[in-house]
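The values are calculated or read from the model by the stated rules, or taken from the named source; none is laboratory data. The shown structure was predicted, so the numbers you read here are calculated from the model rather than taken from an experiment. As a convention, Cβ positions derive from the backbone with ideal geometry for all residues, glycine included, and neighbour counts pool all protein chains shown.
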Amino acid sequence: MILKPKARSATTITPLVDFVPLKTFSDWVWLPGLSWSPDGQFLAAVVHGPPQAGEPAEESQVFDLWLLGLDNGISAKVSQQVGIMG
């Protein structure tokens, strides 16, 4: 889950996107890659996508690229199956 604070001084957080964690079957953990847009209004994030071959969601090898608006509520998948990026 990728979260943003409601306000700099607030303790409440609002989810920008929710996804099932990747089960790696090993001693490492996958964390989504994040990048700010040049204007600071959006986050670009690699998000764990839904399964496509009947596997459990946590074992899916699908990773999509999303743009997530911080103040405007806009979110959009901009590319599918981009892989695990850092």
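Filter region 12-23 for residues that are of a type in the set (Val, Ile, Thr) and not in a strand (DSSP E or B); which is farthest from Ala44 (Cα to Cα)?
Step one: of region 12-23, the residues of a type in the set (Val, Ile, Thr) are 12-14, 17, 20.
From what's left, not in a strand (DSSP E or B): 12, 20.
Working: Thr12: 22, Val20: 18 Å.
Looking at residues that are of a type in the set (Val, Ile, Thr) and not in a strand (DSSP E or B), I get Thr12.
One line per residue, one yes/no per condition, for (1) within 12 Å of the chain's Cα centre (by Cα); (2) of a type in the set (A, V, I, L, M):
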residue	(1), (2)
Phe19	yes, no
Gln41	no, no
His48	yes, no
Pro56	no, no
Ser60	no, no
Leu67	yes, yes
Asn72	no, no
Lys77	yes, no
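Any residue in region 1-15 that is within 14 Å of the chain's Cα centre (by Cα), aliphatic (A, V, I, L, M), modelled with pLDDT under 80 and surrounded by 15 or more Cβ atoms within 10 Å (Cβ to Cβ)? If you could, list the steps in order and put the result at the bottom.
So in region 1-15, the residues within 14 Å of the chain's Cα centre (by Cα) come out as 1-4, 14-15.
Still in the running and aliphatic (A, V, I, L, M): 1-3.
Applying the additional criterion that residues be modelled with pLDDT under 80 yields 1-3.
Adding the requirement that they be surrounded by 15 or more Cβ atoms within 10 Å (Cβ to Cβ) leaves 2.
For region 1-15, residues within 14 Å of the chain's Cα centre (by Cα), aliphatic (A, V, I, L, M), modelled with pLDDT under 80 and surrounded by 15 or more Cβ atoms within 10 Å (Cβ to Cβ): present.
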Contact list, first residue from region 43-65 and free of Cβ contacts under 8 Å to residues at least 40 places away in the same chain, second anywhere and hydroxyl-bearing (Ser, Thr, Tyr) and part of a loop (DSSP other than H, G, I, E, B), beta-carbon distance below 8 Å, six or more apart or interchain, is Ala44/Ser37; His48/Ser60; Gly49/Ser60; Pro50/Ser60; Pro51/Ser60; Gln52/Ser60
